[in-house]
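Taking it in order: structure first as structure tokens, then the write-up.
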Amino acid sequence: MKEMIVVNFEEIFLKGDNRRFFVRQLKKNLKEKLADFGRLLEIERVRGGSIFIRVREPLDASAWEKIKERLRFTPGITQFYLVRSVAPEPEIITEAAVDYARGKIEDKPDFRVTVKRVDKHKPFTSRELAARVGAALVETYGTKVNLENPSWTLHVKVRPEQAFIYADVVQGVGGLPVGSSGKAYVLLSGGIDSPVAAYKAAVRGLALTALHFHSVPKTSPRSIDKVKDLARTLARIHGPMDVYFIPVLEIQQAIAERTDSKLRLILLRRFFLKIAERLGEDEGIRAVVTGDSLGQVASQTLENMHAIQAVTDRLVLRPLLAEDKKSVIRTAREIGTYDISIRPHDDACALFTPKRPETRANLSYVESQWARLDADSLINRALEKIERFRALPS
Ligand code: ATP
Ligand code: MG
């Protein structure tokens, strides 16, 4: 008997080169995610839409829980399960199934056995095998069979050289492995939305570096800790992630002194993108993810978004554009960022917010106000004071 973790990915969409990239990246990410299990786990092979991870010693419940937590949120995985692998003989399968069910079936009111034969040449049908295993379970544990709506299902998958026995099929987040779609910056504020936007971008296969703009010492350094905590939480899903902390107080002061107060927010956001553009020249990163959602606040209008992004030719991605706040909050809770995001903090943007911010910016007016600022030297000075932090999974 052998234990294995079977990890499934959706292979229907994957052809040729795409598939090679996908599998290579997913294997690499899996190795990284499971690194602290050392020699206990080993990626054995890839076949069809599955990656087989060999488990060298039987896993105790707490180790399996920990692995489950990691795999559940590994982009690219659609589902996974821990299997016992035995010889594909009915007696051996039945005996192994009875043993496997111990500790799992006793408290369940009913169950069913689902058999799938990958190897159609075996001298028994799926139904015969299911009946035999089911009968043995009833006899041993006294539990009832319920084919329609069972509270527990034991799966048997019969392959040519082995049979897999498993129960708990865990759903993953699907999507694409981080890194398989390229790199992007994510503008990470301390709010609820941008961590969710980062998560969605990671699930589409983007490898992310976070940029956070702050006004320390005018705002409290606690907001930096908050962003670090958010990044560590995101790192559980994304894998280790760099965060750059960029001071913008001087930029905000220049904006406040020299431009129309209605445009403060828009001009500051243009600096965010311009700084991302500058950093990306060295790092080869040409896309920026934000947590913008259309109409969520009065300033998130098409006109404003356009006046902001017109400062750069970089691709600005807004995964939350059409999402309502409720669904964003639900996702934030699922990924564990919500409780961190609602901790009070002072925002770099709030600091200079005018009484009546522009809601329908006019691009040529914004550009004329922008021209009053010496953007290049302001950006250079901000970049000199940039601080880097590597967020490891918390
Ligand atoms: P969030 O909850 O992500 O802060 P929001 O609904 O509060 O979003 P805004 O504050 O208008 O919206 O910000 C829009 C987007 O701009 C954010 O989602 C984020 O991507 C980016 N952003 C805002 N402030 C900052 C900041 N201080 N540092 C980095 N990015 C920021
Ligand atoms: Mg915000």
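Reported count of residues in region 293-302, each being open to solvent by less than 30 Å² (accessible area, probe 1.4 Å) and within 23 Å of the chain's Cα centre (by Cα), is 1. From the list Phe80, Phe124, Phe111, the one residue that fits, being among the aromatic types (Phe, Trp, Tyr), farther than 30 Å from Lys27 by Cβ, surrounded by 14 or more Cβ atoms within 10 Å (Cβ to Cβ) and out of contact with any Phe, Trp or Tyr (no Cβ under 8 Å at 6 or more places or on another chain), is Phe124. Residues in region 62-91 that are of a type in the set (A, V, I, L, M) and free of Cβ contacts under 8 Å to residues at least 60 places away in the same chain: Ala63 alone.
Residues checked against (1) away from ligand 1 (no atom under 16 Å from the Cβ); (2) among the polar types (S, T, N, Q):
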| position | (1), (2) |
| --- | --- |
| Pro150 | yes, no |
| Val158 | yes, no |
| Phe164 | yes, no |
| Ala167 | yes, no |
| Gly172 | yes, no |
| Gly175 | yes, no |
| Ser181 | yes, yes |
| Pro195 | no, no |
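Within region 281-293, residues that are farther than 17 Å from Leu188 by Cα have Cβ atoms under 9 Å from residues that are open to solvent by 30 Å² or more (accessible area, probe 1.4 Å) in these pairs: Glu283/Lys183; Gly284/Lys183, counting only partners at least 6 apart in sequence or on another chain.
The residue of region 313-347 that is farthest from ligand 1 (Cβ to nearest atom), among those that are assigned to a loop (DSSP other than H, G, I, E, B) and within 22 Å of Arg70 (Cβ to Cβ), is Gly336. Output the residue which, of all residues in region 255-285 that are touching a helix residue (DSSP H, G or I) at 6+ places or on another chain (Cβ under 9 Å) and within 11 Å of ligand 1 (Cβ to nearest atom), is most open to solvent (accessible area, probe 1.4 Å). Among them, the one singled out is Arg269. Checking the structure you have, find out if any residue of region 362-371 is loosely packed, with under 14 Cβ neighbours inside 10 Å and within 20 Å of Glu283 (Cα to Cα). So far as region 362-371 goes, no, none of its residues is loosely packed, with under 14 Cβ neighbours inside 10 Å and within 20 Å of Glu283 (Cα to Cα).
Within region 84-97, none of the residues are charged (D, E, K, R), more than 33 Å from the chain's Cα centre (by Cα) and more than 29 Å from Arg47 (Cα to Cα).
Can you name the residue in region 338-354 that is more than 13 Å from ligand 2 (Cβ to nearest atom) and touching a residue at least 24 places away in the same chain (Cβ under 8 Å) and is also nearest to Pro221 (Cα to Cα) among such residues? The selected residue is Arg343.
Which one is farthest from ligand 1 (Cβ to nearest atom), of the residues in region 297-312 that are touching a Leu at 6+ places or on another chain (Cβ under 9 Å) and assigned to a loop (DSSP other than H, G, I, E, B)? If we take residues in region 297-312 being touching a Leu at 6+ places or on another chain (Cβ under 9 Å) and assigned to a loop (DSSP other than H, G, I, E, B), then Ala310 is farthest from ligand 1 (Cβ to nearest atom). Go through region 217-296 and tell me which helices (runs of 4 or more DSSP H), entirely inside it, have 2 or more residues that are within 16 Å of ligand 2 (Cβ to nearest atom) and either in the same structural domain as Asn362 (by TED's automatic domain parsing) or not acidic (Asp, Glu) (or both). Per the criteria, 222-238, 264-283.
Out of Asp324, Asp313, one residue alone is within 22 Å of Ala375 (Cα to Cα) and open to solvent by 40 Å² or more (accessible area, probe 1.4 Å). It is Asp313. With the requirement that a residue be charged (D, E, K, R), out of contact with any helix residue (DSSP H, G or I) (no Cβ under 7 Å at 6 or more places or on another chain), in a loop (DSSP other than H, G, I, E, B) and over 24 Å from Arg47 (Cα atoms), what does region 103-134 give you? The answer is Lys104, Asp107, Lys108. Of all residues in region 129-143, which are more than 13 Å from Glu89 (Cβ to Cβ) and either open to solvent by less than 30 Å² (accessible area, probe 1.4 Å) or at pLDDT below 95 (or both)? Scanning region 129-143 gives Ala130, Gly134, Ala136, Leu137, Gly142, Thr143.
Residues in region 205-247 that are β-branched (Val, Ile, Thr), open to solvent by less than 10 Å² (accessible area, probe 1.4 Å) and closer than 19 Å to Ile275 by Cα: Val227, Val243, Ile246. If the condition is being open to solvent by 30 Å² or more (accessible area, probe 1.4 Å) and within 12 Å of Phe245 (Cα to Cα), then region 185-204 contributes only Ser189.
The values are calculated or read from the model by the stated rules, or taken from the named source; none is laboratory data. Here the structure is a predicted model, which is why all the values come from computation and not from measurement. No Cβ is skipped: glycine too gets one built from the backbone with ideal geometry, and neighbour counts run over all protein chains shown. Protein only, heavy atoms only, side chains kept; ligands, DNA and RNA dropped before computing areas. Shrake-Rupley method; radii C 1.70, N 1.55, O 1.52, S 1.80 Å.
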